[in-house]
Amino acid sequence: CLAWEERRMRREVRATANRLANFDDANLRRSARAAVAAGARVQRALEILGDDVPPHLAAAGRLRLEHKQASLEELGQLAEPPLTKDAIAGRIRRLLAMADKRAAELGIPGTEASLTSEIVAP
């Protein structure tokens, strides 16, 4: 019967929409958690390095701290001049690597030490 078929199709469309919304929610939560974790590591990196940070790496780190929930793409757009997502990610990655290397040389906890279980828990 046509009415049954129409109801079934409507149900499928609704189920698909709900599934997609759930995926979006999970992705947003995951990226927000990753951004907060990155912010905590950047904070620790800047503490470890003090004033001994190349300006372009420090600027990328400050952007992460000032915009904790922003995506890498959004951080890139906020940079002056604007940077690509990859450029921002690379600068933050180099900042963290530099701080972890310095921490190892000094025998102090690195940037991972700033991650609490609340930050990394799913």
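If I take every Cα pair under 8 Å that is 6 or more residues apart in the chain, average their sequence separation and divide by the length, what percent do I get for the relative contact order? Walk me through the numbers on the way to the answer.
Values: 103 pairs, mean separation 36.6, N = 122.
RCO, the chain: 30 percent.
Any idea how far apart E105 and E47 come out in nm if each label point goes 7 Å out from Cα toward Cβ?
For the pair E105/E47, the computed spacing is 2.0 nm.
So how strong a dipole does the stretch 32-104 carry about its Cα centre when Lys and Arg Cβ are +1 and Asp and Glu Cβ are -1, to the nearest 20 debye?
Values: 12 positive and 9 negative charges, 59 e Å.
Once rounded to the nearest 20, the dipole reads 280 debye.
Please compute the net charge surrounding E12, taking Lys and Arg as +1 and Asp and Glu as -1 over other residues with Cβ under 12 Å from its Cβ. Each step should come with its number before you reach the end.
Working: positive: R7, R8, R10, R11, R14, R19; negative: E5, E6.
Its environment carries a net charge of +4.
In the chain, how does Rg compare with the Kirkwood Rh, expressed as the Rg/Rh ratio over alpha carbon atoms? Provide the component values of the computation, followed by the final result.
Numbers: Rg = 20.7 Å, Rh = 16.6 Å.
Rg divided by Rh gives 1.25.
Stretch A113-C1 to full length: gain in nm at 0.36 nm per residue minus the Cα-Cα span?
On the way: separation 112, 0.36 × 112 = 40.32 nm, distance 6.34 nm.
Extra length available between A113 and C1 comes to 34.0 nm.
Figure the gain on full extension for T16 and R29 (residue separation times 0.36 nm, minus the Cα-Cα span) and round it to one decimal in nm. Can you show the working numbers first?
Numbers: separation 13, 0.36 × 13 = 4.68 nm, distance 2.00 nm.
Full extension from T16 to R29 adds 2.7 nm.
Coordinate-derived values only; no laboratory data. All values reported here derive from a predicted model rather than from experimental measurement. Glycine gets a Cβ as well: all are built from the backbone with ideal geometry, and neighbour counts include every protein chain shown.
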